[in-house]
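Comments concern the structure below.
The values are calculated or read from the model by the stated rules, or taken from the named source; none is laboratory data. Just so you know, these numbers come straight off a predicted model, no measurement behind them. Backbone-built Cβ (ideal geometry, glycine too); neighbour counts: all protein chains shown.
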Amino acid sequence: MEFTEKHVMGLKDLLYRMADDLLILGHRNSEWTGLGPILEEDIAFSSMAQDKIGQSLALYEILHEIGESEPDTVAFTRNAEQFHSCHLVELPIGEYDFSLVRHFYFDHQSALRMDMLAETVVEPLQMVARKFRGEVKYHTMHADSWLKTLANGTEEAKIRMQQAINETFPYALGMFELSDYEADLIEAGIFPGEAALQEAWYRVISEKLNAFGYSVPEINNSIPSTGGRKGHHTEHLQPLLDEMTEVFSIDPSADW
Amino acid sequence: MVMDPEIPTISIVDLGIVTKISSEKDNNAFVQLTPTFSGCPALKIMEQLVIDALKTAGYSEVVVQTSFETQWNTNMISEKGRAALLEHGLAPPPKHDGYFELDVLSDIACPLCGSRNTTMHTPFGPTLCRSMHYCKNCSNAFEAFKPVS
């Protein structure tokens with residue numbers, strides 16, 4: 001099938017959503033480096049940060065191949081309004097309960113998205129999706145094991161985790177904000193769409209949360225935190241970008 | 001021979017990351033590498049090591065490309081490579097048939113005493129490709145090369 005201009009626009013939007021989510025959450029995860037509650041967790045979040053930033057680079061490279069700027073330019077010179085990331089990834093790391101729940105919601109979404117894209121007609125995207133699947137597996141495993149452990153922990157642990165699960169849920173729904181090109185992406189066999197992904201994701205996280213002994217937030221009672229995919233962000237993204245791009249802004253040719 | 005910069009006992013060929021080699025003329029060489037992990041910081045170093053090795057061997061036109069065309073998995077490590085990992089003190093990854101449950105990480109043979117009476121401590125070790133384990137038989141902590149599908 002020949003791609004129309006709308007298919008290409010839709011593909012670019014899809015790639016930017018994924019790459020920007022991974023870059024921003026990768027940066028947030030790296031903020032736990034040196035601060036993790038135990039050494040192993042410090043290393044876990046740092047390793048996941050490294051995976052995510054590596055994955056974002058591979059996606060920015062695909063974007064570059066289809067006409068966008070160089071990965072470093074795209075990552076380091078855009079303002080918040082030009083980012084397609086969802087609100088979930090830009091929120092500050094907060095307490096560990098929130099960071100774990102965000103990690104659980106995001107990485108199950110990421111794993112399912114990669115499963116879908118492993119069958120996309122866009123060959124370079126298909127190749128990286130197949131690669132990322134093996135990496136994300138370790139991320140979902142890590143999230144699941146902590147949600148399970150804390151569900152069997154002290155009363156305080158259970159209460160705090162359930163609160164984080166409920167409060168983070170509307171932000172998680174924002175990951176699936178519909179694209180203007182939803183129908184085009186589905187028609188061309190590029191991506192089955194955000195609505196289909198949300199449905200698959202809700203099924204998986206409901207099953208897991210039930211099995212661990214938590215209650216599952218209702219989709220119908222939640223107002224998704226949307227806007228991120230269209231460049232409308234919370235007040236937390238720009239300060240993150242200012243920090244992330246500090247060295248690049250001082251000296252764009254810096255090397256180390 | 002180009003060795004892995006982080007595990008100096010294993011060559012990149014035995015690691016399984018060299019996915020294409022070609023040469024059209026006497027002095028020209030093309031090599032394709034595939035990353036073990038997307039975020040592996042050793043990748044750029046390995047590209048450079050391949051270029052340097054080929055230049056030393058007399059190839060003046062060298063192209064090294066990194067591509068996801070072939071997705072690396074740990075079954076691509078050769079038998080010689082598995083022995084080289086062990087020599088470095090790393091338990092080789094369990095073989096799999098494309099899909100595996102992460103329970104396999106709790107059944108790793110200790111590289112020091114060979115016992116399977118071990119437990120996984122954390123799947124995230126000092127580098128992306130390693131997990132950390134404890135041997136209940138010889139009471140040593142050890143690292144394993146993680147299985148990747």
Item checked: First in segment B:37-49 and within 14 Å of another protein chain (Cβ to nearest Cβ), second anywhere and among the aliphatic types (A, V, I, L, M) and assigned to a loop (DSSP other than H, G, I, E, B), Cβ under 8 Å, 6 or more apart -> B:F37/B:L128; B:F37/B:V148; B:G39/B:L128; B:C40/B:L128
Next item on the list: Quick one: count up the residues across segment A:16-54 that are among the aliphatic types (A, V, I, L, M), more than 8 Å from chain B (Cβ to nearest Cβ) and within 12 Å of the chain's Cα centre (by Cα).
Entry: 7
Item checked: Subset tally (residues that are touching a residue at least 24 places away in the same chain (Cβ under 8 Å) and at the interface with chain A (Cβ under 9 Å from one of its Cβ atoms)) for segment B:113-146 -> 4
Note to self: For segment A:35-47, check the following and say yes or no: at least one residue is within 22 Å of B:P35 (Cβ to Cβ) and among the aromatic types (F, W, Y).
What the structure shows: yes
Next item on the list: Of all residues in segment A:121-130, count the ones that are without any contact (Cβ under 8 Å) to a residue 60 or more places away in the chain and either within 7 Å of chain B (Cβ to nearest Cβ) or in contact with a Ser or Thr (Cβ under 8 Å, 6 or more places away or on another chain) (or both).
Entry: 4
Notebook entry, point to check: So which residues in segment A:241-251 are surrounded by fewer than 15 Cβ atoms within 10 Å (Cβ to Cβ) and assigned to a helix (DSSP H, G or I), if there are any at all?
Noted result: A:D242, A:E243, A:E246, A:V247, A:S249, A:I250
Next item on the list: Please enumerate the residues belonging to segment A:197-218 that are touching a residue at least 24 places away in the same chain (Cβ under 8 Å), within 19 Å of the chain's Cα centre (by Cα) and farther than 12 Å from A:Y105 by Cα.
Entry: A:L197, A:A200
Next item on the list: Under 8 Å between Cβ atoms, at least 6 apart or on separate chains: pull out the pairs that start in segment B:80-106 with a residue that is on the phi > 0 side of the Ramachandran plot and touching a residue at least 40 places away in the same chain (Cβ under 8 Å) and end on any residue that is surrounded by fewer than 18 Cβ atoms within 10 Å (Cβ to Cβ) and hydrophobic (A, V, I, L, M, F, W, C).
Entry: B:G89/B:L112
Margin query: Being farther than 30 Å from A:E2 by Cβ, out of contact with any Leu (no Cβ under 7 Å at 6 or more places or on another chain) and modelled with pLDDT of 95 or more: is that true of A:E156 here?
Written below: yes
Notebook entry, point to check: Residue check: is B:S60 in contact (Cβ under 8 Å) with a residue 24 or more places away in the chain and out of contact with any strand residue (DSSP E or B) (no Cβ under 7 Å at 6 or more places or on another chain)?
Noted result: yes
Check: Which ones in segment A:222-240 are part of a helix (DSSP H, G or I) and within 16 Å of the chain's Cα centre (by Cα)?
Finding: A:G228, A:R229, A:K230, A:L237, A:L240
Check: Considering only helices (runs of 4 or more DSSP H) fully contained in segment B:1-112, which possess at least 2 residues that are surrounded by fewer than 13 Cβ atoms within 10 Å (Cβ to Cβ) and out of contact with any His (no Cβ under 7 Å at 6 or more places or on another chain)?
Finding: B:43-56, B:79-87
Notebook entry, point to check: Do we have any residue at all in segment A:147-154 that's among the basic types (K, R) and buried (at least 23 other Cβ atoms within 10 Å of the Cβ)?
Noted result: no
Item checked: Residues that are more than 7 Å from chain B (Cβ to nearest Cβ) and touching a residue at least 60 places away in the same chain (Cβ under 8 Å), drawn from segment A:55-69 -> A:L59, A:I62
Next item on the list: Go through the residues of segment A:172-189 one by one and say whether even a single one is more than 14 Å from chain B (Cβ to nearest Cβ), in contact with a His (Cβ under 6 Å, 6 or more places away or on another chain), among the acidic types (D, E) and touching a residue at least 12 places away in the same chain (Cβ under 8 Å).
Entry: yes
Item checked: Only one of A:F76, A:F104 that is in contact with a helix residue (DSSP H, G or I) (Cβ under 7 Å, 6 or more places away or on another chain), farther than 30 Å from A:S145 by Cα and of a type in the set (F, W, Y) -> A:F76
Margin query: Tell me whether segment B:67-78 contains one or more residues that are more than 14 Å from every other protein chain (Cβ to nearest Cβ) and either modelled with pLDDT under 95 or more than 15 Å from the chain's Cα centre (by Cα) (or both).
Written below: no
